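Trainee: Have a look at the structure that comes next, please.
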Amino acid sequence: MIWYQVLLRVLLSGGIVVAASELAKRSSVVGALLISLPLASMMTLIWLHHDGQDAEQLALFSKEVLWLVIPSLAFFLTLPLLLNYGVDFIPSFLLSSVLTAACYAASLYALSDGLATG
């Protein structure tokens, strides 16, 4: 891959994160909407296609992303719950991250064992 393609990918990805954080300062719903869109997955699929991956590989990637979105929801369920119960941000963030990591580990185990992809 040529260096300017990598640079373009980095700038696009970083630009989305910066745009979402700036939008969230003005409207949390709009910032959340932008960041919740599967833009990273969509861009990755486009780059993989551009790099010559076949349809089977693209379909497999898409299917695995679907299965791995599920454990990420643990973070967004526990963080607001802990914050609403008065737990400070850093401990809430760390606890939510650890729980999410455990959910990812369980999901990856299930995927590697063929449970999810059958």
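None of the figures in this text is laboratory data; all of them are computed from the coordinates on show. Predicted, not measured: the structure shown is a model, and the values here were computed from it. We place every Cβ from the backbone using ideal geometry, glycine too, and count neighbours over all the protein chains shown.
Trainee: Could you count how many residues in the stretch 7-42 are small (Gly, Ala, Ser), surrounded by fewer than 13 Cβ atoms within 10 Å (Cβ to Cβ) and under 16 Å from residue 72 (Cβ atoms)?
Mentor: Number satisfying all stated conditions: 1.
Trainee: Go through 112, 107, 92 for me and flag whichever is in contact (Cβ under 8 Å) with a residue 24 or more places away in the chain and either surrounded by 14 or more Cβ atoms within 10 Å (Cβ to Cβ) or not acidic (Asp, Glu) (or both).
Mentor: From the options 112, 107, 92, the qualifying one is 107.
Trainee: Okay, moving on. Within the stretch 64-95, how many residues are farther than 21 Å from residue 37 by Cα and either in a helix (DSSP H, G or I) or under 15 Å from the mean Cα position of the chain (by Cα) (or both)?
Mentor: The number of residues fulfilling the criteria is 11.
Trainee: Of everything in the stretch 48-91, what is in contact with a Phe, Trp or Tyr (Cβ under 8 Å, 6 or more places away or on another chain) and more than 24 Å from residue 9 (Cβ to Cβ)? Give them in sequence order.
Mentor: Result: 71, 79, 83.
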